[in-house]
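Please read the structure below before turning to the comments.
The values are calculated or read from the model by the stated rules, or taken from the named source; none is laboratory data. Just so you know, these numbers come straight off a predicted model, no measurement behind them. Neighbour counts run over all protein chains shown; Cβ positions are idealised from the backbone, glycine included. Side chains included, ligands, DNA and RNA excluded: accessible areas come from the protein's heavy atoms. Shrake-Rupley method; radii C 1.70, N 1.55, O 1.52, S 1.80 Å.
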Protein chains: 2
Amino acid sequence: MSTPEQRQLRLGAFLFQVGHHVASWRYPDTDAQGILQHAFYEHFAQTAERGKFDMIFLADTLAVVDRFKTNIKHTVTVRPEPITLLSYLAGVTEHIGLAATVSTSYHEPYNLAREFSCLDHLSGGRAAWNVVTSGRDEEAHNFSQDRHLAHDKRYERAREFVDVVTSLWDSWEDDAIVADKENGIFADPNKVHELNHRGEFFAVRGPLNLPRSPQGRPVVIQAGASETGKHLAAETAEVVFTAWQTLEEAQLFYRSVKELAVTYGRSPDDILIMPGIFPVIGATEEEAREKEALLQSQVLPAVGLSMLSASLNVDLTGYPLDGPLPDLPELQQVNGGKSRFQLVSDMARREGLTIRQLMYRVTGARGHRTIYGTPVQIADQLEEWFKGGACDGFNIMPPYLPGGLEEFVDLVIPELQRRGLFRTEYEGTTLRDHLGLSKPQSRFQKAESVSGY
Amino acid sequence: MSTPEQRQLRLGAFLFQVGHHVASWRYPDTDAQGILQHAFYEHFAQTAERGKFDMIFLADTLAVVDRFKTNIKHTVTVRPEPITLLSYLAGVTEHIGLAATVSTSYHEPYNLAREFSCLDHLSGGRAAWNVVTSGRDEEAHNFSQDRHLAHDKRYERAREFVDVVTSLWDSWEDDAIVADKENGIFADPNKVHELNHRGEFFAVRGPLNLPRSPQGRPVVIQAGASETGKHLAAETAEVVFTAWQTLEEAQLFYRSVKELAVTYGRSPDDILIMPGIFPVIGATEEEAREKEALLQSQVLPAVGLSMLSASLNVDLTGYPLDGPLPDLPELQQVNGGKSRFQLVSDMARREGLTIRQLMYRVTGARGHRTIYGTPVQIADQLEEWFKGGACDGFNIMPPYLPGGLEEFVDLVIPELQRRGLFRTEYEGTTLRDHLGLSKPQSRFQKAESVSGY
């Protein structure tokens, strides 16, 4: 069945609260307090590792999202800090990659470069950075700003930020540390480089105060699907996390990002496309549908409406739930979550959904694709997209945790393995090994004697 | 011997490179590459925990310190990122406190509050934040600033920063999370508070997106011994990390900080004073002296001179090593490391040391007190200061690692235990339990209905 040459799926385990569904914390088997307990996270990470996932993927928001006041009362608005949590999990796992979302709008590149480099050292080469620019005014208000930076400025800042960070990761060449006790030479100063970066947003001298990490650079992930976001991804990202509802859209995006990467001088294989998938697994398809119905029955209408309102940048309170959407703002008026806005409004248009129907799409999959069924049906749907040129793998978003991940690991992974689509053992040691990405050379290595020392 | 009522020493294990001595990486038994390897840190943390230390203490600098160009070549200029490392170590330890140095000059309070809160959650209440304002232009240059912020401004920023961070830690009252699945109520919005802080340096709305952590607030440590630093400590710190050479100076400092704390409305017991100690342990006093001589013999003169020059804010290159110090700058001209400057210049004056003699004081203990001898002699010296009203405990700075810590744990700790001065088992679970510090109430808890919701 499987041949060693067969292209392999890449899988991320998306860690979000106690499940991706907004009502997951009310689901019978979840522990709503798990979000505060290390045992919950250890179990998640170890389960994903048991399933041979490429990585754990941790999203983030830098605020309590309370634009709609029902949120604090009725939803889980707390979130562990990604660097802290993944560093903790590095100590209780051995193989799995650790991908943390950190915003370029509210951090300093020197601190961020150090945190990810240190995580890469401590984990033996398993760190990845998901670059986001953040999308909400709530976040700006926690960082001494009245409004969130405008979309284009935010991406210019992100571009420069990524450049500074990857330069810092390169600032010690791989063999800079000599540790010659006899002669008292700890490092070769000709292999340690200042950046002397002076750009529009940052001035950073460098070098980083950590040597080059096992992966050379932690893997860079990017998630924005706006035109600007796509260019940033095509130029700098090694993994693209994205959201598509239909095979055709996903194929189009896949081709266009790979082509765009080529215009930036990269190989199409240097960049992996991984859409999010919200799998609802049952012994039968009917059982899966019942499972989702149970989750949906626990969504308070005010909660669903506020989530949909936030996605669409419009207050839907007062509109009939079973009627159509009102007129929406223009895309260019949306600052933050542009691609989510487009996705949800397209979905409404394409399928002619009512407010209530649309509400249930965002409370579960949050704009990502929902697939239902038996393990075989789930595997069929993943295989169709994978073999159909729509993706290189998936970010799996279990509806509730840890149950939804356990089911995927125990039932779907073996089916994917039987089809020869997924590893049965980790073969390498680093996340780059798992993903089939090469270790980049330090940009300073080719230069002759550019050191400041 | 021991009575249950006897006041107990508090001990921190200072984690610095592969030892506090600048030549520790050349010492026969150290692994100079350990600084890159998780096994080195795990062994350190587990050894300190075996010794029942109150906490691990991690210093930090946000740059490669290369004002003197010999540094990169001849010294260890790389440093793990404290939050990342201590989060990692939380997963491989059970009891010991985890204290990380993070600068208020180059971070955002919302991020910092989240990181420490998350570490406190994951570790079950073992986090501590050592508040520093940073002291070097090298650091400013990595954070888009031409010069380090002036001393007074830096401390004003720090004061406001600490206030914002502790308010964020308080923003969810202890019982704000309800997790009532039946009625869909996750949290009580009346117990979740906005800060709406607008100060000179920061505007932060809050609340934090993490609930109150097991310690209520992670323990706050402060280390500046300048007058401004002392006031900040007396007002906000629960542990003061400090450096003194003589019993008299230490007693004076101890009394003055405790008295100052009282003027801020606090009890003297709310603030613990822990000087750094550089212990050189031998089977005999002579063996200890030989051990230090071996370490000193491995200090290249250029390295010693650059360290002393940095401490004194003056370039000593070219002065005869066996001659006296030249004239030094005035204290008020020194921006960053003021207390270190004062300490080293006082030492030179008091003991009439030559440049070479002084050099060897900073390459080992780096301004902290060196004590030599057998385990009994070491214990005698610690006891003298502890019972003499000079401190509440010590931050132990082993000359080389892990050997220097192992010797302390295997030889000195049992002697302190025999004298009834130190615990034989952890009694509580949190760092506050170890230190005998109470859990602070949320500042929002007494207020009636101040919530913004």
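Side notes on the structure shown:
- Kirkwood Rh in Å, taken over the range A:164-241 so that all alpha-carbon pairs contribute: 14.5 Å
- Extension gain, B:Q342 back to B:E259 (0.36 nm per residue minus Cα-Cα distance, nm): 27.7 nm
- In this simple spin-label approximation, A:E286 and A:R7 carry label points 7 Å from Cα along the Cα→Cβ vector, and these lie 3.8 nm apart.
- Euclidean distance of C-alpha centroids, the range B:243-291 and the range A:172-226, integer Å: 38 Å
- The listed residues B:H197, B:H43 rank as B:H43, B:H197 when sorted by accessible area, largest first, using a 1.4 Å probe.
- Amide hydrogen proximity for A:Y372: with H placed 1.01 Å from N in the peptide plane, the residues at 5 or more positions away or on another chain lying under 5 Å are A:V280.
- A simple spin-label model places the labels of B:E94 and B:D380 3.8 nm from each other, with each point 7 Å out along Cα-to-Cβ.
- A viscosity of 1.002 mPa s and a temperature of 20 °C, combined with the Kirkwood radius over C-alpha pairs in the Stokes-Einstein formula, give the range A:197-271 a diffusion coefficient of 151 µm²/s.
- Evaluating 6.51 cos²θ - 1.76 cosθ + 1.60 at θ = phi - 60° for every residue in the range B:332-339, the Karplus couplings come out as 5, 7, 8, 10, x, x, 4, 6 Hz, glycine and proline recorded as x.
- Counted by Cβ distance under 9 Å from A:E173, the other residues give a net charge of -2, where Lys and Arg count +1 and Asp and Glu count -1.
- Across the protein chains, with a 1.4 Å probe defining accessible surface, the residues B:D270, B:D54 rank B:D270, B:D54 from largest area downward.
- Shape of the range A:336-447, Cα gyration tensor, a/c cut at 1.5: oblate
- Modelled FRET efficiency - R0 51 Å, B:L252 with B:Q33, Cβ distances, 0.05 increments: 0.75
- Rounded to the nearest 20 debye, the dipole magnitude of chain B is 600 debye, with +1 charges on Lys and Arg beta carbons, -1 on Asp and Glu beta carbons, and the Cα centre as origin.
- Pairs of alpha carbons in chain A separated by more than 43 Å make up 12% of all such pairs.
- Taking the charge dipole of the range A:181-336 about its Cα centre, with +1 at Lys and Arg Cβ atoms and -1 at Asp and Glu Cβ atoms, the residue from A:G229, A:G199, A:A283 reaching farthest to the positive side is A:G199.
- Relative contact order of chain A, taken over Cα pairs closer than 8 Å and 6 or more residues apart, is 25 percent.
- Shape class of the range B:242-320 from the Cα gyration tensor (axes a ≥ b ≥ c, square roots of the eigenvalues): oblate, since a/c reaches 1.5 or more and a/b does not exceed b/c.
- Percent carbon-and-sulfur accessible area, the range A:1-117, ignoring ligands, DNA and RNA, probe 1.4 Å: 49 percent
- Residues with amide H under 5 Å from that of B:L98, placed H, sequence gap 5 or more: B:I56, B:A127, B:A128
- Using a cutoff of 8 angstrom between alpha carbon atoms and counting only pairs six or more residues apart, the relative contact order for the range B:70-144 works out to 33 percent.
- Inter-probe distance in nm under a simple model that places probes 7 Å from Cα toward Cβ, at A:L328 and A:Q441: 4.6 nm
- Label points for A:G318 are taken 7 Å from Cα along Cα→Cβ. From this copy to the others they lie 7.8 nm apart, shortest first.
- Counting heavy atoms of the protein chains alone, B:F422 has an accessible area of about 10 Å² for a 1.4 Å probe.
- Given charges at beta-carbon only (K, R positive; D, E negative), |dipole| of the range B:176-326 in Debye: 680 debye
- For A:R10, the residues whose modelled amide H falls within less than 5 Å of its own, excluding neighbours fewer than 5 places apart on the same chain, are A:G393, A:F394.
- Relative to the other identical copies, A:Q332 shows label-point distances of 5.8 nm, where the label point lies 7 Å from Cα along the Cβ direction and values run shortest first.
- Stokes-Einstein D in µm²/s, Kirkwood radius over Cα pairs - the protein assembly as shown at 20 °C with 1.002 mPa s viscosity: 74 µm²/s
- Degrees, to the nearest 10: B:227-236 long Cα axis against longest axis of chain B: 40 degrees
- Interface residues of the range A:105-129, defined as those losing at least 10 Å² of solvent-accessible heavy-atom surface relative to the isolated chain (probe radius 1.4 Å), are listed as A:Y106, A:H107, A:E108, A:Y110, A:N111, A:R114, A:E115, A:C118, A:H121, A:L122.
- Members of A:K69/B:K439; B:K230/B:K439; A:K446/B:K73; B:K181/B:K439; B:K52/B:K387 lying beyond 27 Å, as alpha-carbon distances in this model show: A:K69/B:K439; B:K181/B:K439
- The range A:215-350 shape via C-alpha gyration tensor axes, a/c threshold 1.5: oblate
- Excluding ligands, DNA and RNA, the accessible surface per residue across chain A is 35 Å² with a 1.4 Å probe.
- Taking Cα centre as origin and charging only the Cβ of basic (Lys, Arg, +1) and acidic (Asp, Glu, -1) residues, the dipole magnitude of the protein assembly as shown rounds to 1080 debye.
- If you take the Cα centroid of the range A:367-392 and the Cα centroid of the range A:91-165, the two points sit 30 Å apart.
- Separation of the range A:18-45 from the range A:294-315 is 20 Å, based on Cα centroids.
- Candidate aspartates and glutamates for bridging to A:K258, where Cα separation is under 12 Å - those fewer than 8 sequence places away on the same chain excluded: A:E235, A:E238, A:D269, A:D270, A:D392
- Summed buried accessible area for A+B [probe radius 1.4 Å, Å², rounded to 100]: 6800 Å²
- Taking each residue as 0.36 nm, the span from A:E227 to A:Q296 lengthens on full extension beyond its C-alpha to C-alpha distance by 21.5 nm.
- For B:K230, A:K69, B:K73, the ranking by accessible surface with the largest value first comes to A:K69, B:K73, B:K230, using a 1.4 Å probe.
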